[in-house]
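The values are calculated or read from the model by the stated rules, or taken from the named source; none is laboratory data. The structure presented is a predicted model; accordingly, all values stated were derived computationally and were not measured. Please note: Cβ atoms are built from the backbone with ideal geometry, for glycine as well, and neighbour counts cover all protein chains shown. Accessible surface is based on the protein model in full, side chains and every heavy atom, while ligands, DNA and RNA are left aside. Shrake-Rupley method; radii C 1.70, N 1.55, O 1.52, S 1.80 Å.
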Amino acid sequence: MAISPSTQDVVLARLKGRRVDLKGVLFEALLLLALLLSLSILITLMADVLRGGLGVLTERGFGFLTAGLATFSADTAGVKQGIVGSMLTLVFVVLLAFPLGIGAAVYLEEYAPDTTFTRFINVNIRNLAGVPSIVYGLLGLALFVEVFRPLTGGTTAISGGLTLAVLVLPIVVITAAEALRAVPDSIREAGFGVGATRWEVVRSHVLPSAAPGILTGTVLSISRALGETAPLLLVGAITGYIATGGQSLVEQMRSSFTTLPTVVYSYARLPSQDFREVTSAAIIVLLAVILLVNAIAIVLRNRYERKW
Amino acid sequence: METATLTPIVQRGLRARERGGPFVPGEGRTVIEMADLSVYYGDFRAVRDISLKVEEHLITAFIGPSGCGKTTVLRCLNRMNDLIEIARVEGRVSYHGVDLYGKGIDPVEVRRRIGMVFQKPNPFPKSIYDNVSFGPKIAGIEGDMDEIVELSLRKAALWDEVKDRLKESGMSLSGGQQQRLCIARCIAVQPDVILMDEPCSALDPIATARIEDLMQELKNDYSIVIVTHNMQQAARVSDMTAFFTAEVAESGDRRTGVLVEYDTTEKIFTNPSEEGTENYVTGRFG
Ligand SMILES: Nc1ncnc2c1ncn2[C@@H]1O[C@H](COP(=O)(O)OP(=O)(O)O)[C@@H](O)[C@H]1O
Ligand SMILES: [Mg+2]
């Protein structure tokens, strides 16, 4: 039976809906405004830095990256020690914070029984991630610079690196634990169901499934470590001149150090206009390094995700 | 025909055919025996005093209203309940006479002998090949892995559909194919018993029919225990049926699962001894 025209009209009128959804439109507009506002702040910031620093970078090019710290002439000022120092400290983050943090997360999520004690530890790790970084600086000063001076050599890249490693450790644990928790239990059951041990289930199924999430966490923590300034100033990152001679890696580790953000800080303190441009240029380098690290990690993660 | 070369199960089938009936329960060996089994989740007793024998090369079905503890009982049979921290087992579960909860029993070894297929298909997010080969690899099973994978997939009636795409993800298969992949994965470890927890509840009728056919094939090689909420399914596929229900516990308002009746499927569905069973199988009770 065909629907009579009149029925059709009634249905059409009903389906066409009523008035304009004013609240909906308003809400959407507000959301868009929020997005545009945050974007414009970011763009202004970037534009300001680029306008100030791009000149120096295009003019001096690679030379800016290989020139050392200089506080008297802006023409010869560079970020070499900053790059070297940042890389040296990152070594500690990668070699210490990652394995320790991921290991702790795997233990907490996959092995530890659900007791009051483990819950207490979980809460505390969360709190640790919220502790201001300056406090970690004080810890580094007391522990790595003073107590372990014979090992670290005092205010050295080792102390700086260890401080950063401790600082990002809770972030690594939390993000890794979250990634592990996101792995559905059905995968674990499937593994146990075919007679796998806990270790086999974790290694073959849980960790590969959680890997992209864990990697994202490690990227976050690297970016965080690359950007930290205050705690490093406390453990003695130098804001003035330091040698750039051809020392061995171990010697470099055990001597005075600076990092990219501390370099930015030291240049920013200088009053002359020329140094303002140098500061901007150093910021661009810092941002570029962080972007580079992020890009590498994203590529790695995508490759890992596709592997099976 | 030379009966000596036939497997015991085929011989048993022949005997059954001569008699003109299905396998006779009680004729075969007991594979799994539960005796006064109770399971607790914390303080809550989910099931109590379950005693029944699972016989080899039969399909044993657990039926009953949801929440009566079918899954709970099933997961005791290969110690999957160990994974739930608050779960505690009382009584005895024996496998070929060995107490599965006895001292020194390794649950990992138990699960290699007594495999499991879950309610929701749960292939590993890996290739079809890796899904099947994982079990035999960790179990250290000897032999050509390609052959093991092919044989397992053939037994699970999946080979023809996936033989050209073994490197593709197991997740790319349809629900029914995924469930057969899970069965292949289970078979690959060469278990003795296969536990299935509502294996068709997430599947459409055609995929369900395929799995049911497959179970008839599989029972030549394995003993199967299947949980199902679908009474027609139990009637169609199983030789033995256990009917569970939930009774209000002495204290508190939570319900404890009990075994009402365990007998041949034919008896349970045509002439049950208990009124509760009759009400349930005739649909008079939810
Ligand atoms: N992991 C668990 N923790 C606590 N209680 C559970 C758990 N699993 C099941 N139960 C309880 O045990 C009872 C039986 O559940 P289940 O065995 O899943 O029943 P069925 O499979 O027959 O539907 C239910 O009351 C359920 O709430
Ligand atoms: Mg269930």
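Quick notes
- For the range B:118-130, the count of residues that are surrounded by 22 or more Cβ atoms within 10 Å (Cβ to Cβ) and either farther than 19 Å from A:Phe192 by Cα or more than 10 Å from every other protein chain (Cβ to nearest Cβ) (or both) is nonzero.
- On inspection, B:Arg111 does not qualify as basic (Lys, Arg) and open to solvent by 30 Å² or more (accessible area, probe 1.4 Å).
- Count - residues of the range B:50-70 that are over 13 Å from B:Ala242 (Cβ atoms) and within 15 Å of ligand 1 (Cβ to nearest atom): 3
- Residue check, B:Ser133 modelled with pLDDT under 95 and within 23 Å of A:Phe192 (Cα to Cα): no
- Taken together, B:Arg236, B:Arg185 contain a single residue that is in a helix (DSSP H, G or I), crowded, with 22+ Cβ neighbours inside 10 Å and basic (Lys, Arg), which is B:Arg185.
- Hits in the range B:46-98 - residues which are open to solvent by 60 Å² or more (accessible area, probe 1.4 Å) and either touching a Cys at 6+ places or on another chain (Cβ under 8 Å) or within 16 Å of ligand 2 (Cβ to nearest atom) (or both): B:Ser66, B:Gly67
- A count restricted to the range B:199-228 and to residues that are within 16 Å of ligand 1 (Cβ to nearest atom) and out of contact with any helix residue (DSSP H, G or I) (no Cβ under 8 Å at 6 or more places or on another chain) stands at 1.
Here's the yes/no breakdown for (1) at pLDDT 90 or above; (2) assigned to a loop (DSSP other than H, G, I, E, B); (3) open to solvent by less than 30 Å² (accessible area, probe 1.4 Å); (4) under 19 Å from A:Gly130 (Cβ atoms):
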{"position": "A:Ala177", "(1), (2), (3), (4)": "yes, no, yes, yes"}
{"position": "A:Leu180", "(1), (2), (3), (4)": "yes, no, yes, no"}
{"position": "A:Ile187", "(1), (2), (3), (4)": "yes, no, yes, no"}
{"position": "A:Ala196", "(1), (2), (3), (4)": "yes, yes, yes, no"}
{"position": "A:Ser204", "(1), (2), (3), (4)": "yes, no, yes, no"}
{"position": "A:Ser209", "(1), (2), (3), (4)": "yes, no, no, no"}
{"position": "A:Thr216", "(1), (2), (3), (4)": "no, no, no, no"}
{"position": "A:Ser221", "(1), (2), (3), (4)": "yes, no, yes, yes"}
{"position": "A:Ala225", "(1), (2), (3), (4)": "yes, no, yes, yes"}
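- Within the range A:117-161, the set of residues being β-branched (Val, Ile, Thr) and outside any helix (DSSP H, G or I) comprises A:Val131, A:Thr155, A:Thr156.
Okay, residues lined up against (1) more than 14 Å from chain B (Cβ to nearest Cβ); (2) of a type in the set (Asp, Glu); (3) in a helix (DSSP H, G or I); (4) without any contact (Cβ under 8 Å) to a residue 12 or more places away in the chain:
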site: A:Gly55; (1), (2), (3), (4): yes, no, yes, no
site: A:Glu59; (1), (2), (3), (4): yes, yes, yes, yes
site: A:Gly78; (1), (2), (3), (4): yes, no, no, no
site: A:Leu88; (1), (2), (3), (4): yes, no, yes, no
site: A:Glu109; (1), (2), (3), (4): no, yes, yes, no
site: A:Asp114; (1), (2), (3), (4): no, yes, no, yes
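- Count - residues of the range B:70-101 that are of a type in the set (Gly, Ala, Ser) and in contact with a Leu (Cβ under 9 Å, 6 or more places away or on another chain): 2
- Test result for B:Gly104, away from ligand 2 (no atom under 16 Å from the Cβ), of a type outside the set (D, E, K, R) and within 13 Å of another protein chain (Cβ to nearest Cβ): no
- Cβ-Cβ under 6 Å pairs, at least 6 apart or on other chains, the range B:69-98 side in contact (Cβ under 8 Å) with a residue 24 or more places away in the chain, far side aromatic (Phe, Trp, Tyr) and within 15 Å of ligand 1 (Cβ to nearest atom): B:Lys70/B:Phe62; B:Lys70/B:Phe244; B:Ile86/B:Tyr41; B:Ala87/B:Tyr41; B:Arg88/B:Tyr40
- Flag if B:Ala202 is within 16 Å of ligand 2 (Cβ to nearest atom), in contact (Cβ under 8 Å) with a residue 12 or more places away in the chain and over 24 Å from B:Lys53 (Cβ atoms): yes
- Test result for B:Gln190, within 13 Å of the chain's Cα centre (by Cα), away from ligand 1 (no atom under 16 Å from the Cβ) and modelled with pLDDT under 95: no
- Selection status of B:Val162, open to solvent by less than 10 Å² (accessible area, probe 1.4 Å), more than 16 Å from ligand 2 (Cβ to nearest atom) and either more than 30 Å from B:Phe44 (Cβ to Cβ) or among the basic types (Lys, Arg) (or both): yes
- Candidates are the residues of the range B:81-101 that are within 13 Å of chain A (Cβ to nearest Cβ) and under 19 Å from A:Gly195 (Cβ atoms); the one that is nearest to ligand 1 (Cβ to nearest atom) is B:Ile84.
- Within the range B:140-180, the residues that satisfy the criterion of being more than 21 Å from B:Ala209 (Cβ to Cβ), touching a Leu at 6+ places or on another chain (Cβ under 8 Å) and either within 14 Å of chain A (Cβ to nearest Cβ) or assigned to a helix (DSSP H, G or I) (or both) are B:Val149, B:Gly170.
- Check on B:Pro191, open to solvent by less than 30 Å² (accessible area, probe 1.4 Å), of a type outside the set (Val, Ile, Thr) and within 16 Å of ligand 2 (Cβ to nearest atom): no
- Number of the exception - B:Met215 against (1) away from every other protein chain (no Cβ under 14 Å); (2) without any contact (Cβ under 8 Å) to a residue 12 or more places away in the chain; (3) buried (at least 19 other Cβ atoms within 10 Å of the Cβ): (2)
- Failed condition for B:Leu74, given (1) in contact with a strand residue (DSSP E or B) (Cβ under 7 Å, 6 or more places away or on another chain); (2) away from chain A (no Cβ under 13 Å): (2)
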